[in-house]
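Structure first, commentary second.
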Amino acid sequence: MIALGCKYLRICHLNNCATGVATQQDKLRQDYFIGAPEMVMNFFKFVAQETREWMARLGVSKLEELVGRTDLLEVLEGVTEKQRNLDLTPILSSAHVPADKPHTCQVPKNVPFDKGELAERMVKETLAAIDAMAGGEFEYRITNCDRSIGARISGEIAKRHGNQGMAEQPITIRFNGTAGQSFGVWNAGGLNMYLEGDANDYVGKGMTGGKLVIRPPKGSPFKSQDTSIIGNTCLYGATGGKLFASGSAGERFGVRNSGAHAVVEGVGDHGCEYMTGGLITVLGRTGYNFGAGMTGGFAYVLDEDKTFVDKYNHELVEIQRINSEEMEAYRHHLVSVIEEFVAETGSSWGQSIIDNFDDYVGQFWLVKPKAASVQKLLNSIRHRPE
Amino acid sequence: MAERLSNDFQFLDVPRNDPSKKDIGVRRSQYVEIYSPFQPEQAASQAHRCLECGNPYCEWKCPVHNYIPNWLKLVSEGNILEAAELSHQTNTLPEVCGRVCPQDRLCEGACTLNDGFGAVTIGSVEKYISDTALAMGWRPDMSDVVWTDKKVAVIGAGPAGLGCADVLVRNGVKPVVFDRNPEIGGLLTFGIPEFKLEKPVMQLRREVFEGMGIEFRLNTEIGRDITIDDLLSEYDAVFMGMGTYTYMKGGFPGEDLDGVYEALPYLVSNVNRNMGFEQSADDFINMSAKKVVVLGGGDTAMDCNRTAIRQGADKVICAYRRDEANMPGSRREVANAREEGVEFLFNRQPIAIIGDNKVEGVKVVETRLGEPDARGRRSPEPIPGSEQILDADAVIIAFGFRPSPQPWFETAGVSTDDGGRVLAPEQAQFQFQTSNPKIFAGGDMVRGSDLVVTAIWEGRKAAEGILDYLDI
Ligand SMILES: Cc1cc2nc3c(=O)[nH]c(=O)nc-3n(C[C@H](O)[C@H](O)[C@H](O)COP(=O)(O)OP(=O)(O)OC[C@H]3O[C@@H](n4cnc5c(N)ncnc54)[C@H](O)[C@@H]3O)c2cc1C
Ligand code: SF4
């Protein structure tokens, strides 16, 4: 970070970092951030160079030869009385490692147990459509043993056409069943995945584009807004794309999100934690600590039981109603967001909110960082590739 | 009270605003400070621009390590008296430093915001704090001081001597300050002109110091009116802060002609006239209606330039042998001089002053910068055939000052280096102790001519050395 311009101001938590390193403030990022990848490259080159110089002085040519060689360390005498009393022998001793056994890992890698069979099959079957940029529709059954589904295809798309290169000719895949961990992780533009069923943790982690839509199986008797449908930490570090889930998400929903748009019907604790961009709409209950460390983007939250004031984290965000005259643009926006959600998921709860919007509108909160101005929020959520 | 400011983005929303300067007509004719004071809202709003960097570069760069972000915050909250108390914990003359420090090279130069945002106006706020607090009747809190039976003689009432006396008195040691001048301040009074530092500032300070228990014996020269031996036998220790008063010469022909003046006597004659210390009207050096050439490029040269303008000189040319970027003084003062009508000629080295009995002109040769020396400063070299004569009725030589070791140093056992600077190392068992264990020294006479704030620092540190030496 120092190589990129950080000056150790230690105001990282205030969003006003004058070097543009730790801030979401556009002007600071655009006009004052001086970092370039080459600076970090240089830094590491120097680290490597210095390491080599030290190794050369020790007569060692490979890092492996240094592992466990505490005999090469020299113990300083210590400057203070207390330091001089320290006995460092236990941590410097290699006695517990048998001399005739190797000191470094001897296997090239751990072969994963999960062979990713569904993922590989999907790649095989979609590759022609990706190569030709043709798009297409596919269907699979999915089980909770199938992890990181979609990532392989996103990788193939990104490798050939870039992160958003296929957004206009998307590949659409419909799933039935229960997805394992990380459904739609690193999702690229041009991959739209529809899941009828439910999913584990980390849905949409690091996603940058495309669409993930999750809805309960047709004919489910339960109320979607009271039922979990995706697990914890969904959209972790996402930078773009859309996630619609007709049901409740787990904890830390949208943590470190910087650009994705999502609609869910409820979230657990720590929603929108450290969020720096994007838009989250929660059509139902949230847990505690909503908006902790949130410095960018914004959220709509439906607060039917009037508990949200006690639940959100007051440090960096503030909340306001959207039923006043000057918030008209936000009301229109919210309706369009819910309409899209209903069109994708068929959520009857979403539909009933639209049908009775006049009754619900007074129960919505707009959650925004204190430092952001209401006038500029709507513009700020236009997709910004990082 | 106004609502407390709370804006993390104040540094973006509010630009740096220096206090406004007075009308140029006033500046060109009167001996008054050129900046108007800050208004309270302005001071608070500017102070609130501070980012409070966890690692305050300004504080490290400031030679006395002022608690800058902390008092800026107090000012932004309107807590002036608390700010004054804090400001005095590290600085003896905050309102003076706020006026005359070259902030662009010190605190404000190191300010994080100096990189494209405009540094916080640290100097102006520092001045504002003490000016305002003193006007409100605030005086340093001496209620906790436990008096000892020790007393220390301080030679010189300049920034170094005052810094030393300040720390001594706050620790219950009685300082008696001797100065050959009729007023305290050293070069602050008899050197730095009023347009940078108005004289009532030091007069008020004298009241404050006397209120704290510092005694001044003025018009008293050590070595003439009182001997060092008297001091050594009467006092528990002695501090010397006597400055540097040997004028550097150019070493070219014509320096003795009529109409050639040394900078300091010139400036002092003007101060003496303004303050009523003038002994005889003949002592006054007047540039009125003259063509003046000032030789040199430091703070002293700038002060001579601007004094000559105020005296009504026809034309003032400042000739300096390096280029503008290599001038040693504060850039702010160069800009001020230029605004007031001083003409600058860079890369001109004087080689002779010309005239029969009386100055008629200065012969200069153009220079270019040679390769950087070991310290990175590039020495000028003359360009052959580029000689030129500048018309002049008067020439002021401002080449700087060298130490002036006194004849009695030897008998008192005080050693100097080859250049005449008193040897008194900061890194020693007793900071700033000279080779006579009972004598301490600091300021220009130890470090060579430098700055007000560095002299204050050394005086204060020497006081700590003395307290250790006296086992207090
Ligand atoms: C014209 C001019 C402009 C300057 N402008 C600036 C500026 O803008 N900013 C800045 O930071 N610095 C400036 N300086 C430098 C600054 O003034 C000095 O660095 C500072 O005053 C040094 O403080 P001092 O206490 O060491 O010495 P001085 O201020 O020189 O004080 C020494 C005192 O000791 C007294 N003394 C000496 N010998 C004896 C004796 N035997 N007995 C009794 N008393 C004695 C003298 O009368 C004098 O009062 C300027 C200097 C000059 C000459
Ligand atoms: S003493 Fe000088 S350097 Fe220190 S804060 Fe004040 S103006 Fe800046």
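The values are calculated or read from the model by the stated rules, or taken from the named source; none is laboratory data. From a predicted model like this one, the values you see are computed outputs, not experimental measurements. With ideal geometry, Cβ positions are generated from the backbone for all residues, glycine too; neighbour counts draw on all protein chains shown. The area values use the complete protein model at the heavy-atom level, side chains included, leaving out ligands, DNA and RNA. Shrake-Rupley method; radii C 1.70, N 1.55, O 1.52, S 1.80 Å.
Mean Kyte-Doolittle of at least -0.5 plus a Cα span of 18 Å or more along the axis: flag which DSSP H helices in chain A meet both, please. Span-like helices, by this rule, are A:37-58, A:117-131, A:328-345. Taking the centroid of alpha carbons for each part, the range A:210-283 and the range B:161-184 are 71 Å apart.
What share of the DSSP beta bridges in the protein assembly as shown is antiparallel, in percent to the nearest 5?
Of all bridge pairs located within the protein assembly as shown, approximately 30 percent are antiparallel.
Largest to smallest in accessible area, the residues A:Y330, A:Y360 fall in the order A:Y360, A:Y330 (1.4 Å probe, all protein chains included). Which loop-located trypsin sites (Lys or Arg not before Pro) does the range B:333-392 contain, where loop means any DSSP state but H, G, I, E or B and the Cβ has at most 10 other Cβ atoms within 10 Å? Of the trypsin sites (Lys or Arg not before Pro), the ones in loops of the range B:333-392 whose Cβ has at most 10 other Cβ atoms within 10 Å are B:R375. Need the C-alpha centroid separation for the range A:98-137 versus the range B:112-142, integer Å. Result: 64 Å between the Cα centres. Residues of the range B:3-31 whose accessible area (probe 1.4 Å, heavy atoms of protein chains only) drops by at least 40 Å² once all protein chains are present, relative to their chain alone: B:D8, B:F9, B:L12. Candidate cross-link partners of B:K61 among the aspartates and glutamates, defined by an alpha-carbon separation under 17 Å and a same-chain spacing of 8 or more, comprise B:E52, B:D104, B:E108, B:D115, B:E126, B:D450, B:E458.
Each pair of Cα atoms in the range A:216-382 enters the Kirkwood radius, and Stokes-Einstein at 37 °C and 0.692 mPa s then converts it into a translational diffusion coefficient of 213 µm²/s. Based on DSSP H segments of at least four residues, each scored -39500 (n - 2.57), chain B has a per-residue ellipticity at 222 nm of -10000 deg cm²/dmol.
Rolling a 1.4 angstrom probe over the protein assembly as shown with all protein chains present gives an accessible area of which 50% lies on carbon and sulfur atoms.
Measuring with a 1.4 Å probe in the full set of protein chains, what accessible area per residue, in whole Å², belongs to the protein assembly as shown? With all protein chains present, the protein assembly as shown gives 47 Å² per residue. Other protein chain C-beta atoms within 10 Å of residue C-beta, averaged over A:11-23: 3.
Over the range A:216-382, calculate the relative contact order: mean separation of alpha carbon pairs under 8 Å at least 6 apart, over the residue count, as a percent.
18 percent
How many Å³ per residue does the convex hull of the Cα positions in the protein assembly as shown occupy?
264 Å³
Over chain B, Cα pairs under 8 Å with separation of 6+ residues give a relative contact order of 16 percent. Chain A and chain B together bury an accessible surface of about 1200 square angstrom, both sides counted, with a 1.4 Å probe and no ligands or nucleic acids included. With only the Cα atoms considered, chain A has a convex hull volume of 212 Å³ per residue.
Work through the residues other than B:V364 whose Cβ is under 10 Å from its Cβ and net out their charges, Lys, Arg +1 and Asp, Glu -1.
Its environment carries a net charge of +1.
Taking packing as the residue-averaged number of other Cβ atoms within 10 angstrom, the listed peptides B:446-456, B:410-420, A:50-60, B:226-236 run from highest to lowest as B:446-456, B:226-236, B:410-420, A:50-60. For the peptides B:246-252, B:159-165, the ranking by packing is B:159-165, B:246-252, with the highest mean count of neighbouring Cβ atoms within 10 Å listed first.
Of the peptides A:335-345, A:275-285, the ranking by mean beta-carbon count within 10 Å, highest at the top, reads A:275-285, A:335-345. A 1.4 Å probe over all protein chains sorts B:R332, B:R99 by accessible area into B:R332, B:R99, starting with the largest. Pairs exceeding a 19 Å alpha-carbon distance, out of A:K211/A:K370; B:K291/B:K363; B:K150/B:K438; A:K45/A:K109: A:K211/A:K370; A:K45/A:K109.
Do the alpha carbons of any pairs in A:K62/A:K124; B:K127/B:K174; A:K376/B:K21; A:K7/B:K73 sit beyond 31 Å of each other, and which pairs?
A:K62/A:K124; A:K376/B:K21
Summary of the geometry: the range A:22-71 and the range B:378-433, compared by the centres of their Cα atoms, lie 46 Å apart. Taking a ≥ b ≥ c as the square roots of the eigenvalues of the Cα gyration tensor, chain B is oblate, since a/c reaches 1.5 or more and a/b is not larger than b/c.
Accessible surface for A:Y194 stands near 40 Å², nearest 10, in the context of the full protein assembly shown (1.4 Å probe).
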